[in-house]
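J.: Here it is, the structure in full.
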């Protein structure tokens, strides 16, 4: 397969996203800046993707699970890099899913006030969403992704061969994010081959990020379904994976929009059709604490004064502030 290149146009911070089979090893060494003497590879034990940068490299492993996405992990990484002698002219390579690229990108953004980072996403979720766009963050006990930075990678390499060993649940996680793109302005791409679907999502996100790098406007649409998703992840102590929670959040956002008169039942049915196509469940877990979930909405990073939701409507997807908790509760009860 030919390698596709999608450019994220951000002036001096522009970078390419490579998508293809067998593209990683031919491309990666050429992306290493000539000033770099060392490459710190951040990954997880179960990833099992070997890379060769052409310079001195050392692998730093982080544990599995959303619970390690914390400032403690960032501190440990930075300390290990300092002991190794990593300098400002060196480079970080983040190899793994969205958790790895989030942690690796954030650590890269603050170590020596910023090192270059290359993302090598190895999950569908990472390829279609997490690795591109420069949003990096870790969690606090009070909320998800509350501490972070905007730090664009110098390149992203999507090696499709890494998807071959993905367990079924990881596919669902990726499809949760992929389903999002059907409603935020992209055309229906369900009949495309997987490589084309990934490229379609990356192109759309690159266009949005190029227009609004720091989420002051249009980029908010990329959070469609995420307000409930983040609350569910916290309320369930991360038993639900991110993409699974996003699928429920997408259906919930449609229900809220319907109750507000922004969309009709046919549009809600379309949401269900897309989610079913990807084999995604969109009902709320029966043990969900509705009052707690609504309370967690106010901790969402989009919240300012009222509760902020990205909702469908006559003008498409847009950010809407809501203060009617009765509607929020009624929509949630409809998903039980």
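The values are calculated or read from the model by the stated rules, or taken from the named source; none is laboratory data. Quantities reported herein were computed from a predicted structural model and do not represent experimental measurements. Positions of Cβ are backbone-derived with ideal geometry, glycine not excepted, and every protein chain shown enters the neighbour counts.
J.: Residues that are at positive phi and not in a strand (DSSP E or B): does the stretch 102-112 have at least one? Walk me through it before giving the result.
T.: Going residue by residue through the stretch 102-112, those that are at positive phi are 112.
From what's left, not in a strand (DSSP E or B): 112.
Looking through the stretch 102-112, at least one residue is at positive phi and not in a strand (DSSP E or B).
J.: Between 71, 24, 31, 10, which is in contact (Cβ under 8 Å) with a residue 12 or more places away in the chain and under 23 Å from residue 197 (Cα atoms)? Reasoning before the result, please.
T.: Values: 71 fails: under 23 Å from residue 197 (Cα atoms); 31 fails: under 23 Å from residue 197 (Cα atoms); 10 fails: under 23 Å from residue 197 (Cα atoms).
Testing whether each residue is in contact (Cβ under 8 Å) with a residue 12 or more places away in the chain and under 23 Å from residue 197 (Cα atoms) leaves just 24.
J.: Checking the structure you have, find out if any residue of the stretch 144-157 is more than 17 Å from the chain's Cα centre (by Cα), free of Cβ contacts under 8 Å to residues at least 60 places away in the same chain and surrounded by fewer than 24 Cβ atoms within 10 Å (Cβ to Cβ).
T.: Checked the stretch 144-157: no residue is more than 17 Å from the chain's Cα centre (by Cα), free of Cβ contacts under 8 Å to residues at least 60 places away in the same chain and surrounded by fewer than 24 Cβ atoms within 10 Å (Cβ to Cβ).
J.: Just to be sure before I move on: is residue 197 within 27 Å of residue 267 (Cα to Cα) and surrounded by 18 or more Cβ atoms within 10 Å (Cβ to Cβ) in the structure I sent?
T.: Spelling it out, residue 197 is indeed within 27 Å of residue 267 (Cα to Cα) and surrounded by 18 or more Cβ atoms within 10 Å (Cβ to Cβ).
J.: So residue 280 passes all but one of these: (1) under 27 Å from residue 137 (Cα atoms); (2) at pLDDT 95 or above; (3) assigned to a helix (DSSP H, G or I). Which condition number does it fail?
T.: (3)
Conditions (1) over 23 Å from residue 90 (Cα atoms); (2) outside the structural domain of residue 195 (by TED's automatic domain parsing); (3) in contact with a helix residue (DSSP H, G or I) (Cβ under 6 Å, 6 or more places away or on another chain), marked per residue:
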| position | (1), (2), (3) |
| --- | --- |
| 131 | no, no, yes |
| 135 | no, no, no |
| 156 | no, no, no |
| 165 | yes, no, no |
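J.: Does the stretch 225-250 hold any residues that are surrounded by fewer than 24 Cβ atoms within 10 Å (Cβ to Cβ) and either more than 15 Å from residue 289 (Cα to Cα) or not assigned by TED's automatic domain parsing to the domain that holds residue 287 (or both), and which are they?
T.: Selection gives 241, 244.
J.: In the stretch 299-307, is there at least one residue being at pLDDT below 90, part of a strand (DSSP E or B), surrounded by 13 or more Cβ atoms within 10 Å (Cβ to Cβ) and not assigned by TED's automatic domain parsing to the domain that holds residue 186?
T.: Applying the first criterion (at pLDDT below 90) to the stretch 299-307 yields 299-307.
Right, trim to part of a strand (DSSP E or B) and you get 307.
Within this subset, residues satisfying the condition of being surrounded by 13 or more Cβ atoms within 10 Å (Cβ to Cβ) are 307.
When the remaining residues are screened for being not assigned by TED's automatic domain parsing to the domain that holds residue 186, the result is 307.
Within the stretch 299-307 (the criterion being at pLDDT below 90, part of a strand (DSSP E or B), surrounded by 13 or more Cβ atoms within 10 Å (Cβ to Cβ) and not assigned by TED's automatic domain parsing to the domain that holds residue 186), the answer is yes, since at least one residue qualifies.
Yes/no matrix, rows are residues, columns are (1) closer than 19 Å to residue 8 by Cβ; (2) in contact with a strand residue (DSSP E or B) (Cβ under 8 Å, 6 or more places away or on another chain):
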site: 143; (1), (2): no, no
site: 146; (1), (2): no, yes
site: 150; (1), (2): yes, yes
site: 210; (1), (2): yes, yes
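J.: Shifting gears a bit: Among the residues of the stretch 42-56, is any buried (at least 21 other Cβ atoms within 10 Å of the Cβ) and at pLDDT 95 or above? Full working, then the answer.
T.: At the first step, the residues of the stretch 42-56 found to be buried (at least 21 other Cβ atoms within 10 Å of the Cβ) are 42-43.
Pick out the ones that are also at pLDDT 95 or above and you get 42-43.
Checked against the condition, which is being buried (at least 21 other Cβ atoms within 10 Å of the Cβ) and at pLDDT 95 or above, the stretch 42-56 yields at least one hit.
J.: A follow-up question, please. Residue pairs, Cβ under 7 Å, 6 or more apart or interchain, first in the stretch 260-272 and in the same structural domain as residue 322 (by TED's automatic domain parsing) and modelled with pLDDT of 95 or more, second surrounded by fewer than 10 Cβ atoms within 10 Å (Cβ to Cβ) and assigned to a loop (DSSP other than H, G, I, E, B). List them.
T.: Correct list of pairs: 262/314.
J.: Got at least one residue in the stretch 228-239 being in contact (Cβ under 8 Å) with a residue 60 or more places away in the chain, at positive phi and under 15 Å from the mean Cα position of the chain (by Cα)?
T.: First, the residues of the stretch 228-239 that are in contact (Cβ under 8 Å) with a residue 60 or more places away in the chain: 228, 230-235, 238.
Next, from what is left, pick out any that are at positive phi: 238.
Subsequent filtering for residues that are under 15 Å from the mean Cα position of the chain (by Cα) retains none.
No, the stretch 228-239 contains no residue that is in contact (Cβ under 8 Å) with a residue 60 or more places away in the chain, at positive phi and under 15 Å from the mean Cα position of the chain (by Cα).
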